[in-house]
Amino acid sequence: MATQQDLRHGMVVRSADGEKLGKVTRIEPTSFEIEKGLFFTTEYLVRYDEVADIRDGEVILAHGREQLARAGGQAREAGAPIGQGEEIRVPLVEEEVSVGKSVEEVGRVQIKKEVVTEERQVAVPVAREVVHVERVPASGERPAASDTLFEEGSISVPIREERAEVSTRPVVKEELRIGKDVIQGQEAAKAKVRREKADVRTEGDVTREPDAIAPEEPPIERATGTGGRRR
């Protein structure tokens, strides 16, 4: 069975055969009210035990419109006696503007790295051996070794020099630091909203008490260019 918490104002009410009867205009602890319309001459009260289901935001009753019409005791007929302090509430609806925010990508920063090859010349000090042969007469004081006398052969003297060996290694010289700041600003958002106004008129011999609603303010007087005043 449906409860008071399951209903809200403005929900569509349908009969068991799917016929639209109206909308919920008032919710009470034991029943709810269907608006006055084509099928009912005045607002109609429905008990919660008469609700078969609540589907897709709509109230489905357990019986058809004909059964509701026969159960006339729950309808507020036009000729019913006036109760002390009885009142009829007419809701006036106004739309309110609800503003949300979304984050969208508006641009990008592209950073591209290229490898540039260049030739550099570096001065490197190197040493090398230079051969010089000098022939001088012997003094004769030093005797010749007997084991080397009159032997053929050759003597190899290595000549050396230093060579520059070049190698490279990557070294970080600088870096790019990319930061983002959030700047707060204001953006004007426009929306069209609707609101309901009540125009209360009487017909026939009806005694009407003064409206409790404050009257509208009189038009503002504006000064003309000649120094006079006009409304």
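Every read-out reported here was derived from the displayed coordinates using simple, explicitly stated rules and does not represent laboratory data. The structure displayed is predicted, hence computed values, not measured ones. Here the Cβ is made from the backbone with ideal geometry for all residues, glycine too, and neighbour counts use every protein chain on show.
At a glance:
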item: Label-point separation, Thr3 to Ile183 (7 Å along Cα→Cβ), nm; result: 5.4 nm
item: Under 17 Å from the Cα of Lys113 - aspartates and glutamates, other chains or at least 8 residues apart; result: Glu174, Glu175
item: Reachable lysines from Lys20, criterion Cα separation under 23 angstrom, eight or more residues apart if same chain; result: Lys36
item: Contour minus Cα-Cα distance for Val97 and Val166 (0.36 nm per residue); result: 17.5 nm
item: Sorted peptide list for 5-13, 92-100, criterion being average Cβ within 10 angstrom, highest first; result: 5-13, 92-100
item: Rg/Rg_globular for segment 89-145, with Rg_globular taken as 2.2 N^0.38 Å and Rg from C-alpha atoms; result: 4.62
item: Cβ-based net charge around Thr3, under 15 Å, with every Lys or Arg adding one and every Asp or Glu removing one; result: -3
item: Exposure proxy ranking, count of Cβ atoms within 10 Å, fewest first, for Lys113, Lys20; result: Lys113, Lys20
